[in-house]
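The values are calculated or read from the model by the stated rules, or taken from the named source; none is laboratory data. Keep in mind it's a predicted model, so treat the numbers as computed, not measured. Neighbour counts are summed over all protein chains in view; Cβ atoms, including those assigned to glycine, are modelled from backbone coordinates with ideal geometry.
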Amino acid sequence: DLTGTPSVRTAGRETLLLDGPGMVEALRLLTPGLSDEQRRQPPLSPLYGDLAGLPPALMFVGELDPLLDDTLQMAERWAGSEVFLLPQAAHGFIHFPTAMSGRVLAYSREWITGRLRSVG
């Protein structure tokens, strides 16, 4: 949602990497001259798009991620999605060498491989 979901708008320092007010302003700068209503239209805001017929999706989101609401709402609408909420994880956590990111990446590889085998 390029207007900023509640988790984006209220994100503070605890999110570690991204802050809400900065994100909302950046979204506005990326879409100059557009109203919030225009920013909510697909394809700018895929959250409001037609998700019918899309393949299965795997989503991970951290409790500290400002995009928490976006991810959970998208998973709710996307049939065949699998979503995991990760405790104390920030946006982009998979880029840090932690045990959790290693497990998430390994699971992701297995998940993708399994989907490819089922269609091949």
Have a look at P66, P43 and point out the one that is modelled with pLDDT under 95 and either surrounded by fewer than 13 Cβ atoms within 10 Å (Cβ to Cβ) or among the aliphatic types (A, V, I, L, M) (or both). P43
Of the conditions (1) in contact with a helix residue (DSSP H, G or I) (Cβ under 6 Å, 6 or more places away or on another chain); (2) outside any helix (DSSP H, G or I); (3) within 30 Å of S118 (Cα to Cα); (4) of a type outside the set (S, T, N, Q), P55 fails just one. Which one is it? (1)
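Under the condition of being among the charged types (D, E, K, R) and within 18 Å of P66 (Cβ to Cβ), which residue from the range 17-40 is surrounded by the most Cβ atoms within 10 Å (Cβ to Cβ)? Can you show your working first?
Residues of the range 17-40 among the charged types (D, E, K, R): 19, 25, 28, 36-37, 39-40.
Adding the requirement that they be within 18 Å of P66 (Cβ to Cβ) leaves 19, 25, 28, 36, 39-40.
Values: D19: 16, E25: 12, R28: 16, D36: 14, R39: 18, R40: 15.
Restricting to residues being among the charged types (D, E, K, R) and within 18 Å of P66 (Cβ to Cβ), the top hit is R39.
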Being in a loop (DSSP other than H, G, I, E, B), free of Cβ contacts under 8 Å to residues at least 60 places away in the same chain and under 26 Å from S101 (Cβ atoms): is that true of L64 here? yes
With respect to the numbered conditions (1) buried (at least 16 other Cβ atoms within 10 Å of the Cβ); (2) assigned to a helix (DSSP H, G or I), which one is the sole condition not fulfilled by A89? (2)
Selection over the range 74-86 where residues are surrounded by 16 or more Cβ atoms within 10 Å (Cβ to Cβ) and either in contact with a Ser or Thr (Cβ under 7 Å, 6 or more places away or on another chain) or aromatic (F, W, Y) (or both) yields a count of 2
Given (1) within 15 Å of the chain's Cα centre (by Cα); (2) at pLDDT below 95, index of the condition L86 fails: (2)
The lone condition E14 fails out of (1) surrounded by 14 or more Cβ atoms within 10 Å (Cβ to Cβ); (2) at pLDDT below 95; (3) not polar (S, T, N, Q) is (1)
In the set E37, E25, E110, which member is over 18 Å from the mean Cα position of the chain (by Cα), more than 17 Å from S7 (Cβ to Cβ), modelled with pLDDT under 95 and outside any loop (DSSP other than H, G, I, E, B)? E37
Subset of the range 45-64, residues in contact with a Ser or Thr (Cβ under 7 Å, 6 or more places away or on another chain) and of a type in the set (D, E, K, R), comes to none
Starting from the range 43-57, keep only residues that are within 10 Å of G80 (Cβ to Cβ), then list their pairs with residues that are at pLDDT 95 or above and among the polar types (S, T, N, Q) whose Cβ atoms are within a distance under 8 Å, requiring at least 6 positions of separation or different chains. P56/S81; A57/S81
